[in-house]
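**Student:** This is the structure I want to talk about, given as structure tokens.
The values are calculated or read from the model by the stated rules, or taken from the named source; none is laboratory data. Keep in mind it's a predicted model, so treat the numbers as computed, not measured. Cβ sites come from the backbone with ideal geometry, for glycine too, and all protein chains shown count toward neighbours. In case anyone asks, the SASA skips ligands and DNA or RNA and just uses the protein heavy atoms, side chains included. Shrake-Rupley method; radii C 1.70, N 1.55, O 1.52, S 1.80 Å.
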Amino acid sequence: MKLKKFQVESMPEALQQIKSELGSEAVILHTKEISTGGWFGFFAKKKLEVTAAIDPVKHAVAAKPLQPSLQETKKEVEQILTHVPQTQSVSSSTQLEAPALIKQIDTELNLQGVGESIREELKEDAFGFWYSQEKENRTPLAVITFTRQWLKKRLQQVTIGQSSFNKKFMIFAGPTGVGKTTTIAKLAAEASIKHGKKVAILTTDTYRIAAIDQLKTYASILNVPVEVAYSLDDFHAAMEQFEAYDVVLVDTAGRNFTHDFYLKELQKTIHLSEESSLYVVLALTAKYSDMVAVLKQFNQLAVHQVIFTKRDETNSYGALINVCLNEGIGIAYVTNGQNVPDDVIPASIDHIVESVLEGMTLDGSS
């Protein structure tokens, strides 16, 4: 994209100069009023600064098409945008409009629940990508491919996936009803059957008899021991009892962790050490604002990763992206059903991105 600024007395004069120097295919990006000349701030003259651009592929005057790199195009656009006053009112005819396909991507990601700040950053980079391509390469497939690559690159900022049960004590906490107990049974099976680990289960959820009975049933099927800790002393005793085990999965009581009181109660029954990792279990069916409230409380503790449940109960997966990029916390597992030991998926960047983009089509794409 070729950019040029014009200082003129009026918009008609600007249009005449733009057409003369850039051609009739040029587009006005933005306008602003400036002061020129004068002496120590006095007698300055008001002028209009107009920034226009031309797609080099269409620029008939140029000796050969200019094809800037994505980074160069993005830098040019960023330089322009930084000089646009936040309160500036620009007519719709001069606004920088995103191409239709990029708008469609934004709409689809919004429907998936991807956060606005992430979408705005993506649109900015996608706009630069769009104008760095020759016209024949500006296709729906190209836009989706760019979006996929952009998301994958951003997700590399956090740790995605579980590193084969490398911490001895895996502690699971989260709101009521997210499926912690079933998730623990699934991971106990994966650790013992798939990874050959010597596994034990410990629960501090003494509020629900049914949860204890459920864990004992799973433990019996898997042939792993299970203990109940009613206090922090019991927790320490169980840690000693399971000294010879490779992995100890710790269930905790589901609570409304948007309140600080329940987090303090949790700390009275568990012990975090260098040998332990804390996982916050969240349901994908929950509102993202509620997830943020829970994670904000857990900032007081050293959260290792998030585990998402109930993937099968929703068609909106934007929270997978939001938690990673907005909250800076990686994802260990995603569960997608009630079957034990099945229906648990080790998280991966590919899985997260494809969950969000799965089935997405743009006008003209196959």
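**Student:** Among the candidates K216, K194, K167, which residue alone is over 15 Å from T252 (Cβ atoms), of a type outside the set (G, A, S), in contact (Cβ under 8 Å) with a residue 40 or more places away in the chain and surrounded by fewer than 24 Cβ atoms within 10 Å (Cβ to Cβ)?
**Tutor:** When all the criteria are applied, what remains is K167.
**Student:** Exactly one of these conditions fails for T147: (1) over 22 Å from F308 (Cα atoms); (2) modelled with pLDDT under 90; (3) open to solvent by less than 10 Å² (accessible area, probe 1.4 Å); (4) not hydrophobic (A, V, I, L, M, F, W, C). Give me its number.
**Tutor:** Answer for T147: the failing condition is (2).
**Student:** Picking from I329, I352, which residue would you name as being under 17 Å from the mean Cα position of the chain (by Cα), crowded, with 22+ Cβ neighbours inside 10 Å, under 25 Å from H195 (Cβ atoms) and touching a residue at least 60 places away in the same chain (Cβ under 8 Å)?
**Tutor:** Values: I329 fails: crowded, with 22+ Cβ neighbours inside 10 Å.
On inspection, the qualifying residue turns out to be I352.
**Student:** Counting only residues that are of a type in the set (D, E, K, R), open to solvent by less than 70 Å² (accessible area, probe 1.4 Å) and part of a helix (DSSP H, G or I), which one in segment 232-285 is modelled with the highest pLDDT?
**Tutor:** Filtering segment 232-285 down to residues of a type in the set (D, E, K, R) leaves 233-234, 240, 243, 246, 251, 255, 260, 264-265, 268, 274-275.
Cutting the leftovers down to open to solvent by less than 70 Å² (accessible area, probe 1.4 Å) gives us 234, 251, 255, 260, 265.
Now restrict to residues that are part of a helix (DSSP H, G or I): 234, 260, 265.
Numbers: D234: 86, D260: 65, E265: 69.
It comes out as D234.
**Student:** Please indicate, with yes or no, whether at least one residue in segment 197-218 is of a type in the set (V, I, T), modelled with pLDDT of 90 or more and closer than 25 Å to V294 by Cβ.
**Tutor:** yes
**Student:** Only one of (1) in contact with a helix residue (DSSP H, G or I) (Cβ under 6 Å, 6 or more places away or on another chain); (2) β-branched (V, I, T); (3) open to solvent by 30 Å² or more (accessible area, probe 1.4 Å) fails for I118. Which number is that?
**Tutor:** (3)
**Student:** Only residues that are open to solvent by less than 60 Å² (accessible area, probe 1.4 Å) and either modelled with pLDDT of 85 or more or not in a helix (DSSP H, G or I) (or both): list them for segment 93-115, please.
**Tutor:** Start the filter on segment 93-115 by keeping residues that are open to solvent by less than 60 Å² (accessible area, probe 1.4 Å), which leaves 94, 98-99, 101-102, 104-106, 109, 112-115.
Residues satisfying the conditions are A98, P99, L101, I102, Q104, I105, D106, L109, Q112, G113, V114, G115.
**Student:** Keeping to segment 175-191, report how many residues are part of a loop (DSSP other than H, G, I, E, B) and surrounded by 24 or more Cβ atoms within 10 Å (Cβ to Cβ).
**Tutor:** Step one: of segment 175-191, the residues part of a loop (DSSP other than H, G, I, E, B) are 175-179.
Restricting the remaining residues to those that are surrounded by 24 or more Cβ atoms within 10 Å (Cβ to Cβ) gives 178.
Number satisfying all stated conditions: 1.
**Student:** Moving on. Working only within segment 172-182, note down all residues that are out of contact with any helix residue (DSSP H, G or I) (no Cβ under 7 Å at 6 or more places or on another chain) and over 20 Å from Y288 (Cβ atoms).
**Tutor:** T182
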